[in-house]
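Remarks on the structure that follows.
The values are calculated or read from the model by the stated rules, or taken from the named source; none is laboratory data. From a predicted model like this one, the values you see are computed outputs, not experimental measurements. Heads up, the Cβs are rebuilt from the backbone with ideal geometry, glycines too, and the neighbour counts pull from every protein chain shown.
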Amino acid sequence: MWIVDSGATLHVTPRKEFFTSYTSGDFGVLKMSNDGVSKVIGVGDVCLQTNMGMQLLLRGVKHAPDVRFNLISVQILDDGGYDNHFGSGKWKLTKGNLVVAKGEKNSKLYWTKALVAKDSVNAMDMEASLWHRRLSHISEKGLNCLAQKDVLQGLKSAELEKCSHCMAGKQTRVSFKKHPPSRKSELLQLVHSDVCGPLKVKSFSGALYFVIFIDDCSRKLWVYTLQRKDQVLERFKQFHALVERQSGKKLKRIRTDNGGEYCGPFDIYCKQHGIAHEKTPPKTP
């Protein structure tokens, strides 16, 4: 926990392990609010992971072991281009349109929760991440190019961490071949099946769905109406008996989507009769 102190002129912490860079020495004393003093034995940078998931770099943080709490100076944040908003017992830290951190008032003091991001030693991480988002998730190469031209205020170079939004945006669905394999050479080597519905208007028999079976070799189509989707297995059993008796051949493979009507009992039936069941990903050709 850190106190957001509008009266403090320095960032202060009693915890040496918080620092990502540190210089030890005699840096004088701090005057406390109770008229006491605390010796400063080191100074360095602390990088925080805020409760908004952002990195906030505090530069020139004083290490004073006798101080009881971690202090964030509102004045220094203000000098660094941040905007502090206080009101209704809430504190919000922003930079441009980006909300960096939030806190709440407790016992007349404003507190914020933050973790120490010790892996983020470089001071530029916060600024780089901010500009990366501002510029529609620009690449690290493009960000460095702009930084070298001194176009981006406060950023001299950039080393971006993995961005979950960029990773998600670059994901692609596994592609299908533009020219599928040739048709099967024999009847019932492969049958395709799918269910359509619910339809807006019921049939005369009260059906709202229908299931189709297409033989890959002949392209012959069979259509069965359904009142409910769970009747697919019943219709498949009828189809299975019909085509094997009429053709004298065995059904070897059926290809469907991953719909629930083709799972469970349908899978069990296929295994019992030695029929290979192929399933394609949802919403794909």
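Check region 186-199 and report whether any residue there is at pLDDT below 85, over 18 Å from Thr256 (Cα atoms) and not assigned by the TED database to the domain that holds Ile268. Within region 186-199 (the criterion being at pLDDT below 85, over 18 Å from Thr256 (Cα atoms) and not assigned by the TED database to the domain that holds Ile268), the answer is no, since none of the residues qualifies. Against the numbered list (1) loosely packed, with under 13 Cβ neighbours inside 10 Å; (2) touching a Phe, Trp or Tyr at 6+ places or on another chain (Cβ under 6 Å), Gly53 comes up short only at (2).
Being of a type in the set (Gly, Ala, Ser) and loosely packed, with under 13 Cβ neighbours inside 10 Å is the requirement here; does Gly7 meet it? Here the answer is yes, as Gly7 does meet what is asked.
Here is the figure for region 195-212: residues that are under 22 Å from Lys279 (Cα atoms) and buried (at least 17 other Cβ atoms within 10 Å of the Cβ) total 3. Gly53 passes every criterion in (1) at negative phi; (2) out of contact with any Gly (no Cβ under 7 Å at 6 or more places or on another chain) apart from (1). Being part of a strand (DSSP E or B) and exposed (fewer than 14 other Cβ atoms within 10 Å of the Cβ): is that true of Thr23 here? Yes; evaluated as a whole, the condition is true for this residue. Is it the case that Lys39 is under 28 Å from Leu135 (Cα atoms), in contact with a strand residue (DSSP E or B) (Cβ under 6 Å, 6 or more places away or on another chain) and in contact (Cβ under 8 Å) with a residue 12 or more places away in the chain? So Lys39 does not fit the description; no. When region 228-285 is limited to residues that are acidic (Asp, Glu) and not in a helix (DSSP H, G or I), the one that is farthest from Asp215 (Cα to Cα) turns out to be Asp257. Taking the criterion of being surrounded by 14 or more Cβ atoms within 10 Å (Cβ to Cβ) and farther than 20 Å from Ser185 by Cα, the only residue of region 238-255 that qualifies is Phe239. Scanning region 30-50 for residues that are polar (S, T, N, Q) and loosely packed, with under 14 Cβ neighbours inside 10 Å, we see that the one that is farthest from Val116 (Cα to Cα) is Asn34. Regarding Val232, is this residue closer than 14 Å to Leu190 by Cβ and surrounded by 13 or more Cβ atoms within 10 Å (Cβ to Cβ)? When the stated conditions are applied, Val232 does not pass them.
In region 1-20, which residues are of a type outside the set (A, V, I, L, M) and not in a helix (DSSP H, G or I)? Across region 1-20, the qualifying residues are Trp2, Asp5, Ser6, Gly7, Thr9, His11, Thr13, Pro14, Arg15, Phe19, Thr20.
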